[in-house]
Amino acid sequence: MSIASALRAYAWNLAYAEALTRDLTEAQWTWDGGPGLENHAAWTIGHLVSGSDILAEDLGLAREMSQEWRELFERRGPGDPRLPSRDARYPDGSELLAEFARQHDRVARRWRDLAPDDGDAPLAWRFEGYLPSLADAALFLAVNHECLHLGSLSGWRRAQGLPSALAAMSRGPATP
């Protein structure tokens, strides 16, 4: 798979996140769907911002996510029992999406600038036994990790009786 293909999938995830959230009211952004659906839209998009910020660091850029947002959205990996706080004050949806788009842009620009062999560098991280290189980790964080959470967000959305965001995307990008 080429970097260009990975970056197209990464851009598609951003478009899907926007489609999943474009018709939400501010109250819906933090709707708690009950057991199994606790990861509301505000937490999910914020968590994906943290994933992009971590990926930026893996690609050699400085982390830019505030400590306040890190405390709200970062997790310590699979098995972390924490759920989104019911008492937290989450940023509004437009702020979350703007930061998600900004993080995507900085990661994509940096990733494009890497030399082809840079991705072969080993990377010490929790899944290095499966995905040992920088390129493996980048592809996981940019595509797999985001798809995993966006799929959950899709189920959360459908539990509210909202229509399929993916179906609307199948017609291609909206033209201005």
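The values are calculated or read from the model by the stated rules, or taken from the named source; none is laboratory data. Fair warning: this is a prediction, and the values are worked out from it, not measured in the lab. For neighbour counting, all protein chains shown are included, and Cβ atoms are generated from backbone atoms with ideal geometry for every residue, glycine included. Side chains included, ligands, DNA and RNA excluded: accessible areas come from the protein's heavy atoms. Shrake-Rupley method; radii C 1.70, N 1.55, O 1.52, S 1.80 Å.
With R₀ fixed at 41 Å, the C-beta to C-beta distance from GLU128 to ALA101 puts the FRET efficiency at about 0.90.
Apply the a/c threshold of 1.5 to the C-alpha gyration tensor of segment 14-102 and tell me whether it is rounded, prolate or oblate. It is oblate, given that a/c is not under 1.5 and a/b is not larger than b/c. For the options ARG158, ARG70, ARG89, a Gaussian network treatment of the chain with springs between C-alpha atoms closer than 10 Å singles out ARG89 as fluctuating the most.
A dipole drawn for the chain from +1 and -1 charges on Cβ atoms has a positive end, and of GLN28, PRO84, ALA4 the residue lying farthest that way is GLN28. What is the calculated FRET efficiency for MET169 to ASP58, with r their C-beta to C-beta distance and R₀ = 35 Å, to the nearest 0.05? Working from the Cβ atoms, E equals 0.80. Given a 1.4 angstrom probe, I'd like the percentage of the accessible area of segment 92-176 that is carbon and sulfur, rounded to a whole number. With neighbouring chains kept in place, the figure for segment 92-176 is 56 percent. Proximity of backbone amide H atoms, modeled 1.01 Å from N, is registered between SER133 and LEU123 at under 5 Å, excluding neighbours fewer than 5 places apart on the same chain.
Rounded if a/c is under 1.5, else prolate if a/b is larger than b/c, else oblate: which is segment 47-145, with a ≥ b ≥ c the root eigenvalues of its Cα gyration tensor?
oblate
For the peptides 38-50, 145-157, the ranking by packing is 38-50, 145-157, with the highest mean count of neighbouring Cβ atoms within 10 Å listed first.
Whole-percent P(r), the chain, all Cα pairs, 5 Å bins from 0: 1, 8, 17, 20, 20, 15, 10, 5, 1, 0.
Rounded if a/c is under 1.5, else prolate if a/b is larger than b/c, else oblate: which is segment 107-176, with a ≥ b ≥ c the root eigenvalues of its Cα gyration tensor? Oblate is the answer for segment 107-176, as a/c is 1.5 or above yet b/c matches or exceeds a/b.
Given R0 = 30 Å, the distance between the Cβ atoms of ASP23 and ARG109 translates into a calculated FRET efficiency of 0.50.
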